[in-house]
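**Q** First the structure, then my questions, so here it is.
All of the numbers you see were taken from the coordinates with simple rules; none came from a lab. None of the values given here were measured: they were computed from a predicted structure. All Cβ positions, glycine included, derive from the backbone under ideal geometry; neighbour counts span all protein chains shown.
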Amino acid sequence: MTAPAAAYGKALDLITRVRGVRGAMLVSAEDGIVVAEQLMEGIKGPALSALAASLATRLRRAMEAAGVGASVFWHLQAEQGALLVVPTPGGTLVVAVAEPDVNVGLVRLELLRAAEVVG
Amino acid sequence: MPDEIKTLSSQLAQDPDSLVFLRLGELLRHKGQLDTAHRVALTGLERHPHLPDAHDLYARILADRHDYERAFDEWDMALRIAPDHVGALKGLAFLYFKVGDVQQAAAHLEAAQRVAPDDPGVAQALALARGEGGAEPIAPAAQPMEEARVFAGLEGAQEGLLLLDASGRVLGGALKDPAGRDVTDAVAAYLAGVSQEAARTVKLLGLGKWTGLAAEGNLGHVHLAPPSSDALLLVVRDRAVPMGRLAIIAQRAALAARRWLEAHA
């Protein structure tokens with residue numbers, strides 16, 4: 001990770017400002033540990049980070065095996081919301097939890113911007 | 001017919017905005033000159049994007065080329081422009097037959113019959129759908145499908161569609177990487193358990209059931225969907241296919257997979 005810790009909050013701010021986003025976090029992709037978080041009350045950060053990291057690992061391996069290259073962005077859709085993730089080259093996952101009617105394109109852009117900050 | 005093709009080609013060259021491209025495209029299609037018909041239809045469609053007949057012609061050519069997904073989109077577009085377009089209704093009915101959705105096929109044929117009650121083709125197809133007149137209904141649910149045909153009629157069935165069980169065992173479809181190598185087993189192994197993990201994640205967040213997982217890669221896109229609680233569908237396409245379109249493709253494939261799973265339960 002290349003960015004100083006103070007920059008993490010700023011990166012998460014970019015994401016949580018988007019209407020419909022319930023929270024954002026930075027997760028270590030390797031071990032699923034929370035690096036920084038801005039989550040609404042009730043969301044269990046440590047458990048979510050572990051599951052997101054595990055899903056990201058499986059997905060990355062499957063995508064590499066399928067020949068579609070490294071994952072740039074992924075979006076887990078559910079009946080009442082979504083989990084949106086951008087992996088950074090430095091091994092961090094930038095994660096957003098969102099309402100079902102969120103502007104996915106906008107969240108994706110902010111996740112990518114945040115990923116640039118985090119590195 | 002060759003003379004007519006020559007005449008129509010000449011007319012179109014003189015007046016590129018003319019609607020003779022419809023007749024010319026159809027003639028070329030009938031002669032099996034699908035590449036030329038495709039060019040003619042596409043050029044006509046670019047000049048007349050709001051003409052339902054242009055979408056209908058283009059869809060028929062795409063269907064002849066077995067590009068059923070795009071054919072579906074074109075007939076769907078024709079119907080959005082003209083909800084009573086008989087050609088589009090018949091075309092969509094044909095495609096629904098192809099994926100085994102007899103109910104939807106019959107509904108589209110009934111709509112076509114309301115508009116064109118004297119069309120013998122519609123009546124015949126409808127009788128087939130209802131299993132009348134001794135004809136066997138085209139109903140995959142009533143006729144056991146072969147395992148290999150789980151994605152029959154869907155684009156990329158043997159290179160970009162995969163149906164797995166909860167343990168990562170392949171139930172149908174196949175996957176090839178951009179170099180043409182078969183990567184079915186490797187990808188299936190990595191995806192084992194993804195369905196359960198996705199379910200756990202959304203449960204933790206209180207988001208209900210998971211409905212799909214779309215991922216954008218450097219070289220291509222993938223879409224995962226759960227056709228049932230213990231199966232996983234994977235659709236892979238190159239980056240030229242937008243994520244939204246990929247989601248539609250996945251929805252259609254999931255429908256076919258669900259039917260197949262029900263038939264084999």
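**Q** Got the relative contact order for the stretch B:145-263 handy, in percent, Cα pairs under 8 Å and 6 or more residues apart?
**A** 24 percent
**Q** Report, largest value first, the span of the C-alpha coordinates of the stretch B:212-262 along each principal axis, in whole Å.
**A** Over the stretch B:212-262, Cα extents along the principal axes are 35, 16, 12 Å.
**Q** Could you tell me the largest-minus-smallest coordinate of the C-alpha atoms of the stretch B:29-85 on each of the three principal axes, in descending order and whole angstroms?
**A** Computed over the stretch B:29-85, the largest-to-smallest principal extents equal 29, 23, 16 Å.
**Q** Please give the residues of the stretch B:185-208, grouped as numeric ranges, whose backbone N is less than 16 Å from a label point set 7 Å along the Cα-to-Cβ vector of A:Gln80.
**A** Taking a point 7 Å out along Cα→Cβ of A:Gln80, the residues of the stretch B:185-208 whose backbone N falls under 16 Å are B:199-208.
**Q** In degrees from 0 to 90, rounded to the nearest 10, what is the angle of the helix B:120-130 Cα long axis to the longest principal axis of chain B?
**A** 20 degrees
**Q** Moving on to the next point. Summing +1 for each Lys or Arg and -1 for each Asp or Glu, what net charge is found among the other residues whose Cβ lies under 14 Å from the Cβ of B:Gly32?
**A** +1
**Q** Using a cut-off of under 19 Å, list every residue of the stretch A:69-96 whose amide N is near the label point 7 Å from the Cα of B:Ala179 along the Cα-to-beta-carbon line.
**A** The answer is A:69-71.
**Q** Another one. Any of B:Lys6/B:Lys98; A:Lys44/B:Lys209; B:Lys6/B:Lys31; A:Lys10/B:Lys209 with alpha carbons more than 23 Å apart? Name them for me.
**A** B:Lys6/B:Lys98; A:Lys10/B:Lys209
**Q** Could you grab the relative contact order for chain A? Cα pairs under 8 Å, six or more apart, rounded to a whole percent.
**A** 33 percent
**Q** Take every Cα-Cα pair in chain B and report what % of them are more than 36 Å apart.
**A** So the portion of pairs separated by more than 36 Å is 24 percent.
**Q** In addition: Determine the principal axes of the Cα atoms in chain A, then give the extent along each, sorted from largest to smallest and rounded to whole angstroms.
**A** Per principal axis, max minus min of the Cα coordinates gives 36, 36, 25 Å.
**Q** Convert 25 °C to kelvin, take the viscosity as 0.890 mPa s, use the Kirkwood radius over C-alpha pairs of the protein assembly as shown as Rh, and evaluate the Stokes-Einstein diffusion coefficient in µm²/s, rounded to a whole number.
**A** For the chosen part, D equals 106 µm²/s.
**Q** Quick one: compute the contact order of chain B, relative version, from alpha carbon pairs under 8 angstrom and 6+ residues apart, as a percent.
**A** 10 percent
**Q** Further question: Please list, by residue number, everything in the stretch A:78-119 whose backbone N is under 18 Å from a paramagnetic label point 7 Å out along Cα→Cβ of B:Arg200.
**A** A:83
**Q** Can I ask one more? Which helices of chain A meet both criteria: a Cα extent of 27 Å or more along the helical axis and a mean Kyte-Doolittle score no lower than 1.6, with helices taken as whole DSSP H segments?
**A** Helices meeting the span and hydropathy rule in chain A: none at all.
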